[in-house]
Amino acid sequence: LRSFYSANFLPNNSTLIVVGDITPAEAERRITALFGSWTRGTVTPPQFPEAPKAAATTVYLIDKPGAAQSSFRIGSIGVPRSTKDYFALNVLNTILGGSFTSRLNQNLRETHGYTYGARSRFDMRQSAGPFTASAEIVAAKTDSGLVEFMKELTAIRDTVPTAELVKTKRYLQLGMPGDFETTQQIANQLIPVAVYGLPLDYYNIYVSSIEGVTQADVQRVARQYIDPSSLAVVIVGDRKSIESGLKAVNAGPIMIRDFFGNPISP
């Protein structure tokens, strides 16, 4: 722990963001008083191997006897924050599961009443993070919930209707000012600029970049990054009551795991 701290918690490996009623000179004076003696060091950026691509879609069932709900996490390897497809993926995911009126939530919550909420996200990091679709599904509808999840993950690969695309763009564009209402929000919005090396005009071009996303862009990234034939489907629930229904869905082979991911023989 000490070795990791010494190698990484360094002033030349840190960014300090200050937002508030303060002048640069006053901020510098206070920062110098607090951190002036903090010693620089040698920073060695971590190296991570490329994450392996998932094999054919497989259902991993973790038994939780008596569970009233089944917890769904469906995913695959996504993309790093540096991807050139960031804005197209932002639009795509908002349509699929990034807002209350997204397809997943409207289907699984509003139409079928299987859950209080269904969502999806691309967790973009310095290296590729996961794409995940998730929900807590009432146990009796576990198999039906999986059918609807797979239906939406397949349908998003088709052409998105113009009206749906326009609505999604406006949702993202008009919601941006709400992220800058307080000093804390402003500071939070500046973190990814520092951490991921975004251009300083990122927020100046955000609206126009969202506007530039086309139907073809959405379809291209959906087909490139969401593959229903290559997903890890993790379901935590009451095996005794849901396993037979999941087998009937035939989304992929079912692997039984314990809480730590270790295989359990059928």
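The values are calculated or read from the model by the stated rules, or taken from the named source; none is laboratory data. This one's a predicted model, so the numbers in the text were calculated from it and none came from an experiment. Methodologically, a virtual Cβ is constructed for each residue, glycine included, from the backbone with ideal geometry; neighbour enumeration extends over all protein chains shown. Accessible surface areas use protein heavy atoms only, side chains included; no ligands, DNA or RNA. Shrake-Rupley method; radii C 1.70, N 1.55, O 1.52, S 1.80 Å.
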**Report entry** Cβ-Cβ under 7 Å pairs, at least 6 apart or on other chains, the range 36-55 side closer than 30 Å to Ile77 by Cα, far side of a type in the set (A, V, I, L, M, F, W, C) and outside any loop (DSSP other than H, G, I, E, B)
**Finding:** Thr44/Ala7; Ala51/Ile77; Lys53/Ile77; Ala54/Ile77; Ala54/Ala232
Query raised in the report: Would you call Val207 β-branched (Val, Ile, Thr), touching a helix residue (DSSP H, G or I) at 6+ places or on another chain (Cβ under 9 Å) and either part of a loop (DSSP other than H, G, I, E, B) or modelled with pLDDT of 95 or more (or both)?
Result: yes
Query raised in the report: Somewhere in the range 114-122, is a residue assigned to a loop (DSSP other than H, G, I, E, B), aromatic (Phe, Trp, Tyr), touching a strand residue (DSSP E or B) at 6+ places or on another chain (Cβ under 8 Å) and closer than 17 Å to Val249 by Cβ?
Result: yes
Requested in this report: May I ask you to say which residue of Arg109, Arg103 is within 23 Å of Lys141 (Cβ to Cβ), surrounded by 16 or more Cβ atoms within 10 Å (Cβ to Cβ) and in contact with a helix residue (DSSP H, G or I) (Cβ under 9 Å, 6 or more places away or on another chain)?
Outcome: Arg103
Report summary line: Only one of (1) open to solvent by less than 80 Å² (accessible area, probe 1.4 Å); (2) assigned to a loop (DSSP other than H, G, I, E, B); (3) not hydroxyl-bearing (Ser, Thr, Tyr) does not apply to Ala25, and that is (2)
Requested in this report: Answer yes if at least one residue in the range 139-147 is of a type in the set (S, T, N, Q), in contact with a strand residue (DSSP E or B) (Cβ under 9 Å, 6 or more places away or on another chain), free of Cβ contacts under 8 Å to residues at least 24 places away in the same chain and open to solvent by less than 20 Å² (accessible area, probe 1.4 Å), and no otherwise.
Outcome: no
Query raised in the report: Of the residues Leu172, Leu200, which single one is in a helix (DSSP H, G or I) and either farther than 18 Å from Met124 by Cβ or at pLDDT 95 or above (or both)?
Result: Leu172
Report task. Please find, among Val195, Val234, the residue that is β-branched (Val, Ile, Thr) and modelled with pLDDT of 95 or more. Result -> Val234
Query raised in the report: Can you name every residue in the range 187-216 that is open to solvent by less than 60 Å² (accessible area, probe 1.4 Å) and either among the acidic types (Asp, Glu) or touching a Ser or Thr at 6+ places or on another chain (Cβ under 6 Å) (or both)?
Result: Ala194
**Report entry** Members of the range 80-113 found to be of a type in the set (Val, Ile, Thr) and part of a loop (DSSP other than H, G, I, E, B), listed by number
**Finding:** Thr83, Thr101
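Residue-wise test of (1) over 26 Å from the mean Cα position of the chain (by Cα); (2) more than 20 Å from Lys151 (Cβ to Cβ).
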{"residue": "Gln215", "(1), (2)": "no, yes"}
{"residue": "Val221", "(1), (2)": "no, no"}
{"residue": "Ser229", "(1), (2)": "no, no"}
{"residue": "Val234", "(1), (2)": "no, no"}
{"residue": "Lys240", "(1), (2)": "yes, yes"}
{"residue": "Gly245", "(1), (2)": "yes, no"}
{"residue": "Ile256", "(1), (2)": "no, yes"}
{"residue": "Asn262", "(1), (2)": "no, yes"}
